[in-house]
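S.K.: Before anything else, here's the structure in question.
Read-outs: derived from the displayed coordinates by stated rules, not from any lab. Treat the numbers as computed from the prediction; the structure is a model and nothing was measured. Cβ: placed from backbone, ideal geometry, glycine included. Neighbour counts: every protein chain shown.
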Amino acid sequence: MPHRRTTRLAAWQKWLLTLSGSGLWLSGAGWLLLHHFGQKPGGFGPEMNPAEPWMMTIHGFFLVPALLGIGGMFVVHVPKGWSYVTQRISGIGLCAALAVLIVSGYLLYYAGDEALRDWTGFVHWAVGLGLPGVFTWHYLNKLHRQKRAARNGAKIGRS
C-alpha cells in the first residue's frame, strides 16, 4: 500500500516546533520583562539588565530550528490542510502572524533607524505574545472539525 500523505505533522516536527516555539516565546517574554522592568539605576540613568543580551542570544538560538519547522509545515501541512475550510481562516491567521514575526525580527536585527526599530519592536512583541492564542484557536478548530466529522459518521484522518 502506498504511503498516503496527511496534514498531520510528524512527531519530530511537533517536538521541533513545540520546543523551539516555547523557547522563542519564553526568551522573548523574558527579554521584554527585563527590558521594561529589570533596569537598574546607574550613574547616567537607567542601565540595561545584564541578562538582556543573554535573552536575545537564547532567542536567536531557538530561531533556527523554528524556521526549519515552519518551512517543513509549508511543504505538506499547509497545502494539504487547505481543504479543511473550517481551519483555513485560523491557519491563514497563524501563517500571517508567523510572517509578521519573521519580517519584524529581521528588521529589528538589521534596521538602523530608531523610529522604525521602536515601531517594529512593538509589533514584534505584541504579535509574539499573542501567538499562543492564535495557535490555540487553530488547534481548537481542528478538534471541533474532528468532533463534527465523528458525529456525522465521516471517516477522517488525524491532522
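S.K.: Lysine pairs in the chain with Cα distance under 28 Å, only those 8 or more apart or on different chains: how many are there?
M.R.: Lysine pairs meeting both conditions in the chain amount to 9.
S.K.: List the trypsin sites (Lys or Arg not before Pro) in region 86-159 that DSSP assigns to loop (not H, G, I, E or B) and whose Cβ has at most 10 other Cβ atoms within 10 Å. Which are they?
M.R.: Hits after loop and neighbour filter: K155, R158.
S.K.: Using DSSP loop states and a limit of at most 11 other Cβ atoms within 10 Å to flag chymotrypsin sites (Phe, Trp or Tyr not before Pro), what is the longest stretch of the chain containing no flagged site? Display every interim value, and only then the final one.
M.R.: Working: sites that count: F44, F74.
The segment 75-159 is the longest one with no such site.
S.K.: Region 7-83: D in µm²/s via Stokes-Einstein (Kirkwood Rh, Cα pairs, 10 °C, 1.306 mPa s)?
M.R.: In µm²/s, the coefficient rounds to 111.
S.K.: While we're here: Taking 0.36 nm per residue of sequence separation and subtracting the Cα-Cα distance, how much length would be gained by fully extending the chain between Y84 and Y110, in nm to one decimal?
M.R.: The Y84-Y110 span can extend by a further 5.6 nm.
S.K.: Can I ask one more? If you build a Gaussian network model of the chain, linking Cα atoms that sit under 10 Å apart, which residue out of S83, S104, S20 swings the most?
M.R.: It is S83.
S.K.: Among (i) 38, 19, 14; (ii) 33, 26, 14; (iii) 38, 15, 14, which is the computed semi-axes √(5λ) of the Cα gyration tensor in Å?
M.R.: The value matching this structure is (iii).
S.K.: While we're here: Using only Cα atoms, find the angle between the long axis of helix 52-73 and the longest principal axis of the chain, and express it within 0 to 90 degrees, rounded to the nearest 10.
M.R.: 20 degrees
S.K.: In degrees from 0 to 90, rounded to the nearest 10, what is the angle of the helix 11-37 Cα long axis to the longest principal axis of the chain?
M.R.: Helix 11-37 and the main axis of the chain meet at about 30 degrees.
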